[in-house]
Every structure is written in structure tokens, then in C-alpha cells.
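Working notes for the structure below.
The values are calculated or read from the model by the stated rules, or taken from the named source; none is laboratory data. Predicted model, so just to flag it, every value in this text is computed and none were measured. Note: ideal-geometry Cβ built from the backbone for every residue, glycine included; neighbour counts use all protein chains shown. Protein only, heavy atoms only, side chains kept; ligands, DNA and RNA dropped before computing areas. Shrake-Rupley method; radii C 1.70, N 1.55, O 1.52, S 1.80 Å.
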Amino acid sequence: MDFSDPPRPARSENLLPMINVVFLLLIFFLIAARLAGPEPFPVTVPEAESDMLAEDGFTLWLGPGGEAGFADALGDEAVEALAAARAAHCATADCVAEPPVLLLRADADAPAAALAALMPALGAMGFARMDMVTLPR
Amino acid sequence: MFNFGEPRPRRRPNLTPMIDVVFLLLIFFMLVSRFGADRVVPLMAAGEGDGWSGPPRLVSIAPGGLALNGVPVAPEGLAAALAPLVADPSDPVILRPQEGVSVQETVLVMDLLGAAGFSRLVLVE
């Protein structure tokens, strides 16, 4: 004979603490994250000892074969697209007081001559300073 | 006037769809975000600043080694060899990588000069 109470329906767990934690995580990622644009192609940036931090700016990519990439444009089109993007940015912002920064994400194995060949075009666009992105060792 | 029904317990809204959406957002932001600032090595565009002053400072980077103004120099002696050629560490130094030199080797030289205090490095073809 079974005189115990009839089985009670299982109570659903209280989900509120989990929701609180998940919301906190969500807000953390929203605030802490810098959204990274898509890469036109994967690159392995070179290593260096420099401890200078990158600022936000335009990013030009240089693939292992020496081809340039900007957003989804490749080769010479990338340089043109970068010039157009800079011109569009400077139409609304004061590029004289705050010149935009150019970040160069060049592959470590890319020929340096290809990088040097880009320099006159980049300088002509008005980028006075270019920052080569590196990995800390 | 009469209410013979039992008082019904207040129903809580179903939270599961909201949790699903919040989890999806969380996973999206976790995947798409990039943490930590990148490190950079600065490089100047040619033709900036107020002209050239002093003796030529051309560092050729060849697959076999470095040369300062055509004279071979060891990487560890480069900064010392450049020191008498500049009036100020902010004077430009020109780097010229030759065929077959990778970006990594060039960045190592830039790093070397940057550590020695040369802040205006110009890359030419």
C-alpha cells in the first residue's frame, strides 16, 4: 500500500536569475565589443615588440601574395575604394583637424616591395601616418 | 454578483522565447566582437613634413642583411650607425625593401628603429 502523497506536478525552475545573468553578459558584450568588419582574405600580421595601441581608422589589407584588399574590393579597386571611402568620410568630418588613421594589415609573408609600392598612392590620398598592425610577441 | 469559480492563480507570461532571443544575441556578439586593441608600428607617408635635412639616411633591406647608405651594417649596429646622421630622432629615415624581402623582415627593422627612438620611418620602393 502506498499512503504517500500523490506525486506533485514538477514545478518549473525559476528562470529569472539566469535571465538576469544572461542580460548582464549581453550588456557586457555590447559595451566591450568592437565590431570587426569582415576580412577580404585571411592574413597573419607580422610580429613586433611595439607596444603602441591601434586607433580606429580605415583598414587596408595586404594578402600573402601582395594583393591589396579593402572591404570587398581587391587589387587596384581596393585602393580606389579606400580613396572613395576617405573622401566620403572627409565630406562630413574635419579631416584637417583630425586626420583619419590608416591601419595596414599586411601579411607577414607578403613581399615588402608590394607594400612599398602602395605608399605613394596612400600618401596622395592624404594619409600622413599609416600604422602597421602587428602581433605582440 | 456571485462568483463560484475558484480564484485562478495569476498566470506568468512565458519567458522562453525572450530567453531564446537573448541567447542568440549573446552568441552573436560573442562571435563578432574583437577584444583587445591591436599593436601597431607607425609608418609615415613620403613627402610629409618640412623637407629633408642632413645627410642621406637610406636603410636598404636585402634578403641577406641590411645596408645603411650602401654600406652593410649589422642589425644590432644600425641604430648606432644612424645616430650621427640625425640631428633629432624625429628626422625621417628611409627604408627600402628589396625584392624577396617579406613584410615580417621589414617590420623587424622598423621595430628596431622604433625602439631606438626613430619616430619617422618612410617606406619607399
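Stretch A:Leu35-A:Leu15 to full length: gain in nm at 0.36 nm per residue minus the Cα-Cα span?
Once the chain is fully extended between A:Leu35 and A:Leu15, it gains 4.2 nm.
Please compute how much accessible surface disappears when A pairs with B, both sides summed, using a 1.4 Å probe, and round it to the nearest 100 Å².
4100
Looking at the protein assembly as shown only, what percent of DSSP beta bridges run antiparallel? Nearest 5 please.
55
What range in chain B is the longest one free of trypsin sites (Lys or Arg not before Pro) that are in a loop by DSSP and have at most 14 other Cβ atoms within 10 angstrom?
Counting only loop sites that pass the neighbour cut-off, the longest clear stretch is B:12-125.
Enumerate by residue number the GluC sites (Glu not before Pro) in segment A:11-61 meeting two conditions: DSSP loop (anything except H, G, I, E, B), and at most 11 other Cβ atoms within 10 Å of the site's Cβ.
Those satisfying the criteria are A:Glu13.
Could you tell me how far the Cα centroid of segment B:81-125 sits from the Cα centroid of segment A:12-73, in Å?
What the calculation gives is 30 Å, centre to centre.
Report, to the nearest whole %, how much of the accessible area of chain B belongs to carbon and sulfur atoms, 1.4 Å probe, protein only.
Reported share for carbon and sulfur atoms: 62 percent.
Report the Cα centroid-to-centroid distance between segment B:1-68 and segment A:82-114 in angstrom, as an integer.
19
Would you mind giving the average projected area, over all directions, of the Cα convex hull of segment A:1-93 in nm² with one decimal?
Over all viewing directions, segment A:1-93 projects a mean Cα-hull area of 14.4 nm².
Could you do me a favour and compute the accessible area per residue for the protein assembly as shown, 1.4 Å probe, result in Å²?
I get 61 Å² per residue for the protein assembly as shown.
Dipole size in debye (nearest 20) for chain B around its Cα centre, Lys and Arg Cβ +1, Asp and Glu Cβ -1?
1040
Counting only other chains, and only Cβ atoms inside 10 Å, what mean value do you get across the residues of B:22-28?
Whole-number average of other-chain Cβ neighbours for B:22-28 is 4.
Sort segment A:47-136 into rounded, prolate or oblate with this rule: let a ≥ b ≥ c be the square roots of the eigenvalues of the Cα gyration tensor; rounded if a/c is under 1.5, and if a/c is not under 1.5, prolate when a/b is larger than b/c, oblate otherwise.
The shape class here is oblate.
Find me the longest stretch of chain B that has none of the exposed chymotrypsin sites (Phe, Trp or Tyr not before Pro), where exposed means in a DSSP loop (not H, G, I, E or B) with at most 12 other Cβ atoms within 10 Å.
B:53-125
Can you give me the relative contact order of chain A as a percent, contacts being Cα pairs under 8 Å and 6 or more apart?
RCO, chain A: 30 percent.
Accessible area of chain A with a 1.4 Å probe: how many percent of it is carbon plus sulfur?
Roughly 60 percent, rounded to a whole number.
When a/c reaches 1.5 or more, the comparison of a/b and b/c decides; with that in mind, is the protein assembly as shown rounded, prolate or oblate per its Cα gyration tensor?
Taking the square roots of the gyration eigenvalues as a ≥ b ≥ c, the protein assembly as shown is prolate.
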